[in-house]
1. Average partner chain C-beta neighbours within 10 Å, per residue of A:79-92?
2. Would you mind getting me the FRET efficiency between E:LYS157 and C:GLU17? Use the beta-carbon distance for r and R0 = 25 Å, nearest 0.05.
3. Over the stretch H:1-81, what relative contact order in percent results from Cα pairs under 8 Å that are six or more residues apart?
4. Could you compute how fast the stretch B:36-129 diffuses translationally, taking Rh as the Kirkwood radius over C-alpha pairs and applying Stokes-Einstein at 4 °C with viscosity 1.567 mPa s? Give it in µm² per second.
5. With +1 on each Lys and Arg Cβ and -1 on each Asp and Glu Cβ, how big is the dipole of the stretch E:92-162 about its Cα centre, in debye rounded to the nearest 20?
6. Taking only DSSP H segments of four or more residues, each worth -39500 (n - 2.57), what value at 222 nm results for chain G once the sum is divided by all its residues, to the nearest 500 deg cm²/dmol?
7. Rounded to two decimals, what ratio of Rg to Rh does chain G give with C-alpha atoms and a Kirkwood Rh?
8. Charges at C-beta only: +1 for Lys and Arg, -1 for Asp and Glu. How large is the resulting dipole of the stretch H:37-162 about its Cα centre, in Debye rounded to 20?
Protein chains: 8
Amino acid sequence: MKKVQVSIVMGSKSDLEVVQETVNILKNFGVGYEVKVLSAHRTPQALVKHVEGLPKRGVKIVIAAAGMSAALAGCVAAHTVLPVIGIPVDTRTLTGLDSLLSTVQMPKGIPVACMSIGKSGAQNAGILACQILALQDNTLKKKMQQFKKDMAQAIKKIKVKL
Amino acid sequence: MKKVQVSIVMGSKSDLEVVQETVNILKNFGVGYEVKVLSAHRTPQALVKHVEGLPKRGVKIVIAAAGMSAALAGCVAAHTVLPVIGIPVDTRTLTGLDSLLSTVQMPKGIPVACMSIGKSGAQNAGILACQILALQDNTLKKKMQQFKKDMAQAIKKIKVKL
Amino acid sequence: MKKVQVSIVMGSKSDLEVVQETVNILKNFGVGYEVKVLSAHRTPQALVKHVEGLPKRGVKIVIAAAGMSAALAGCVAAHTVLPVIGIPVDTRTLTGLDSLLSTVQMPKGIPVACMSIGKSGAQNAGILACQILALQDNTLKKKMQQFKKDMAQAIKKIKVKL
Amino acid sequence: MKKVQVSIVMGSKSDLEVVQETVNILKNFGVGYEVKVLSAHRTPQALVKHVEGLPKRGVKIVIAAAGMSAALAGCVAAHTVLPVIGIPVDTRTLTGLDSLLSTVQMPKGIPVACMSIGKSGAQNAGILACQILALQDNTLKKKMQQFKKDMAQAIKKIKVKL
Amino acid sequence: MKKVQVSIVMGSKSDLEVVQETVNILKNFGVGYEVKVLSAHRTPQALVKHVEGLPKRGVKIVIAAAGMSAALAGCVAAHTVLPVIGIPVDTRTLTGLDSLLSTVQMPKGIPVACMSIGKSGAQNAGILACQILALQDNTLKKKMQQFKKDMAQAIKKIKVKL
Amino acid sequence: MKKVQVSIVMGSKSDLEVVQETVNILKNFGVGYEVKVLSAHRTPQALVKHVEGLPKRGVKIVIAAAGMSAALAGCVAAHTVLPVIGIPVDTRTLTGLDSLLSTVQMPKGIPVACMSIGKSGAQNAGILACQILALQDNTLKKKMQQFKKDMAQAIKKIKVKL
Amino acid sequence: MKKVQVSIVMGSKSDLEVVQETVNILKNFGVGYEVKVLSAHRTPQALVKHVEGLPKRGVKIVIAAAGMSAALAGCVAAHTVLPVIGIPVDTRTLTGLDSLLSTVQMPKGIPVACMSIGKSGAQNAGILACQILALQDNTLKKKMQQFKKDMAQAIKKIKVKL
Amino acid sequence: MKKVQVSIVMGSKSDLEVVQETVNILKNFGVGYEVKVLSAHRTPQALVKHVEGLPKRGVKIVIAAAGMSAALAGCVAAHTVLPVIGIPVDTRTLTGLDSLLSTVQMPKGIPVACMSIGKSGAQNAGILACQILALQDNTLKKKMQQFKKDMAQAIKKIKVKL
């Protein structure tokens, strides 16, 4: 089993479908990860304990997915100097605008790297984590460059019939 | 000096002008209060310690004012079963919509009593706190009834010349 | 039958599905409640009569659920010094933004404790009512503390397989 | 002094600058009017009493101007079968979106004729009142037709130098 | 067949489902009406011709329903001094915000009485038209007062089981 | 004097400051233009007459600038098959969102080429007009290519001292 | 096979359903076109190469359809002096507001002719392209005038039964 | 002079005031940086050349600041596998919503780490860059931990007099 480099936390079990996209990317790139359900509002102590324990375990990046008043990513960032990536999960009401603004509008001093709303953002969270890890991992960097080429190639192969 | 029944926390010193409205109300009603600058993002431990110490000190209500990704009220509510009142402070960009949605859109299980944006909301936070305290304080209830009458009277006295 | 401590009013029968969440909480906590359909716009006199009669009956808190131009909670608050909790019900058009702004943006002097849009907000309205009542009811306070612990425990037990 | 045909109510003295535009129109068209400060939230009884007394006094149209959670026009409409015109007054936060949605998003059964936000809407409220009155007043109809022609003429006379 | 007092225009055949609500009201109140599909953008000349011919036919009120960049009500108002009521029809994208702002944000000089988005607004357009006509029709006024009472009665009869 | 190829219409004299940006571009590119104040709502007949007369005068493109419920560009497009460019003028309330949605959300069949809000959009309207005219005017095309190069050059020359 | 005058690019295969509307129009008007899947973000070099090659091939207009952070139309416009028409494709979250603002809010110097969101905009993109080409093609101009007449005629023929 | 590890690009000279906040942070942390004015729309080739040259020069992170249809960060990300941080610069119209959505709503495959709007976001961009670099630089990590402590300390020292 791989050493965990990326810790993914999500605010509720219902965020699972979105977070799956992040997991798929990390698996593809062979990056060790873990997934926890931890809520800024409902399990604040457990969340803090989890976040404070990350450096000792060698975890390098935290990805946090939450919806509505999405305080999760910001609360994680409050307790660590590791880079924190936030995924705003779309909600039925307000079409995700609440999740987005809560995640992205962080005050001075505590950055959260906010992704786009929902599954696109979840996939991109995984890719950004790999890009950061690739700064000190040449194998990962080459995989990332190949991923980018494959993505372009896949688009170029599309034939449109209209 | 009055026993503190209402603890006001604000996320940044710049929220002072708004919170002054809350203080004015509590002073007028003779309710003991305190004001602290504590940030969900920049002083999370101090905030938790403060909130967890409130019941022993006999504090009954928390009022939290913050702007942008306003996690403050929600983070307070995560650590107490006392009623928590949130004041969304208006920001220059997005005209306060971010503060409002971050404060009001709390997930199931952790309520925040959200007020209107800015000074109106700050004044109303003070009034709501008094209304809650008045449930077990007849003197306060009578003052509140008088306040409501005076407010109506003041409006009725306005003479409009157009 | 329990003495009514919380009076729930809703603007239309279609708000029932949302208000059910409030009722479930109050039942679980053993708090006496009643549910009425009363509209600020269609039955204004009946609404006022209902609200003005609450104190004599020993009711302590009003919860008001309404959608669109959701004047209900504000109109209730206009006629009482009891704490008023507002639930913005989501609408098909505008995804609940109209209900939210109408409920939360109360002017100086007349607070409404606004919850999040829809079912989350309805559940939280029930919890906030219990938190307020718990200020003078130790049994209720202990139940609330246990509720909070159970909620955290339920999240911690979730096992994620990805 | 002219018989009052249009009763203007505004929620706060600060709405005066906006309502002045309505008054100017009604004066120009020679329509009798009155202006009252009455709040749906702060003077609800006085408001209802005022609205219920209008038909006996021969008033035909009500114009209501309010900001934020602008329940005023809707509450007037709840108590009368006279046509009610609403003016959403712009607020510093949210740039008037709250006032607009609260005024316009009326539920089935209780119409409010909503105007545009602020001074344009206030002027148009006066014009619409005159258009309604002109249905049974030929002199007023002719004045209205002339007003429309003059407005067009004024625009056609503009010389642009660029 | 009844003399047409209210002319309803809609911008597209797809607005029919919404406009049906207006028709139901006018039928119930026994007010003569007509329904035309006429577009500000696709049949501008036919629209102008229709609007300019209304006074001679004794039509007193125009109701215009349209979606997206909903210029219809404003363009009708540009060509008549009759009162014009606008219904913003909800669109799939932007959830009706475009229709609402296009209909309500009329510039100085040309009022449109804007209703709420979609079916509620359509029903209210019919009621407002009746309220305006009732200013000079006592039978209609009494029907309107009865309608209001029946509406309140219907709500009071609702029994909620929760 | 140059033959008019681009006719600029604006809904109100207050749009002048914005339209000046369009004029500056057309002057720089040596394209003949005219500027008229004509309103979809206040001078509809004059507007139609103006638009219908354009082809005979050899005008090729119409640019329409308006604010609020900005029906101008759409109404111009309703009466011509010439390309119509719309400039949403920013308003004090709603920060230009109303002007933008009214201008851009045209229904099927009647396109308006919508620019960005305010002065940027006004400048771009002039450039787009030149780009369209350049399709049949090689001198203009070369000027446009040079303009693009100069713009890039100007940016490259900027020295930042921080 | 027709000479390509209009090059349509779309950011993702999922935009096909929307772009089909553009294609239908260009086919009906007999204008030569091509459709390519090219992304500003995933195939930037291929996109630039495609855009830079257009003038030599005699292409006159580019239509770009994209969703979310819809940089496509702007990036096309950055590399050409041909007129660029943008179609904001509606997204599940945010109901298309992100696509619209990204496409329309172009800075000074680089215009994009933005259409309405989704299928209406796609159809209009095709019509605007034909209107521009019709400036130098009398047959196309006549077809366009006939199209406009047919559209009006189709609306006039609608019989409404209510 | 320090080796450049962070390359800051901004879309226009007017973004300077915002970017200054980023520079201040990088200076304080002793991280080598450079600042360039490069536009996705006005200098696309120069931008690509700049971005493609970064890896050879040992640059590790790109920060991109832009307003309106803020394609800059996304276009940078399209050409590199380095982590890209985006700062949405607030605009006068739409209060920064356009810049935010354009920067954050990136499609699958090309992440941008979006910060909050304006100066807060600019400061946070600098801090996030340092957090990423600190993953392989212990001195920087310790400075970051100290920075976090100092920030908390500064807040705790605030004395509020109300």
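The values are calculated or read from the model by the stated rules, or taken from the named source; none is laboratory data. Since this is a predicted model, take the numbers as computed values, not measurements. For neighbour counting, all protein chains shown are included, and Cβ atoms are generated from backbone atoms with ideal geometry for every residue, glycine included. The area values use the complete protein model at the heavy-atom level, side chains included, leaving out ligands, DNA and RNA. Shrake-Rupley method; radii C 1.70, N 1.55, O 1.52, S 1.80 Å.
1. What the average comes to for A:79-92 is 5.
2. E between E:LYS157 and C:GLU17, to the nearest 0.05, is 0.80.
3. 41 percent
4. So the translational diffusion coefficient is about 99 µm²/s.
5. Computed charge dipole of the stretch E:92-162: roughly 520 debye.
6. Roughly -14500 deg cm²/dmol at 222 nm, from the helical runs in chain G.
7. 1.00
8. 680 debye
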